[in-house]
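*Asks:* Could you have a look at this structure, given as structure tokens, before my questions?
The values are calculated or read from the model by the stated rules, or taken from the named source; none is laboratory data. This one's a predicted model, so the numbers in the text were calculated from it and none came from an experiment. All Cβ positions, even for glycine, are placed from backbone atoms using ideal geometry, and neighbour counts span all protein chains on display.
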Amino acid sequence: MPVNSLNVSGYLPSRELIAPLILALAVTLSSCSSTGSGANDKTATANSVPSKSAASQSTAPKSAAASPPAAADAITELRLGTTAAGAAIVDQTGRAIYRYDGDIKESGGSACDENCSAQFPPVHAGSMPALTGLTLTLGANAGSDGQQQLTINGLPIYYFSGDTAPGQTGGQAKDRMWWTLDKNGSANST
């Protein structure tokens, strides 16, 4: 008995098969590249978020734990502290604060995506923290995780997940893009 053979040369899949595949690919790719810049982004200006400063300056690290404040715990203070990278802005626990060269000042969002924020989580904005010995402009914008992220002088700020104790600066100069901040909120790029 002869065996029937199937000739598939010259076979082209129908539009009914290709269209759903292209749509699924487009949806998958678009969900992989969220930078936080959208219609719901908010940029705080000097008029809407006043600059805070304090007369005293403390450079001694505090002995509190260095893990970032939990989402329910707002950052309460920024000050100049002594770190492994020299004098740098730290939070109330002595944990170093970072900026990312990929961010654009006053853009209303963060260029650090979800993969990036696993290593450099955003500093969430609750109420504006006290500034001890610093004169900076504080604000908030949309972070990559959808929560409001604290900004210093118009740039989003971050922690480094590898810093586990006060004064550590393991993220300093990482990829030549991440920097602790000096007393003016500029990058400590030395």
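*Asks:* Could you check segment 81-115 and list, in sequence order, the residues that are in contact with a Leu (Cβ under 7 Å, 6 or more places away or on another chain) and either farther than 20 Å from Ala125 by Cα or of a type in the set (S, T, N, Q) (or both)?
*Replies:* Matches in segment 81-115: Ala87 only.
A quick yes/no check of all residues on (1) closer than 18 Å to Ile75 by Cα; (2) at pLDDT 95 or above:
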position	(1), (2)
Asp91	yes, yes
Gly126	yes, no
Leu131	yes, yes
Thr135	yes, no
Gly143	yes, no
Gly154	yes, yes
Phe160	yes, yes
Ala173	no, yes
Lys183	yes, yes
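*Asks:* Collect the residues in segment 118-177 that are free of Cβ contacts under 8 Å to residues at least 60 places away in the same chain and in contact with a Cys (Cβ under 8 Å, 6 or more places away or on another chain), keeping them in residue-number order.
*Replies:* Those that are free of Cβ contacts under 8 Å to residues at least 60 places away in the same chain and in contact with a Cys (Cβ under 8 Å, 6 or more places away or on another chain): Phe120, Pro122, Pro156.
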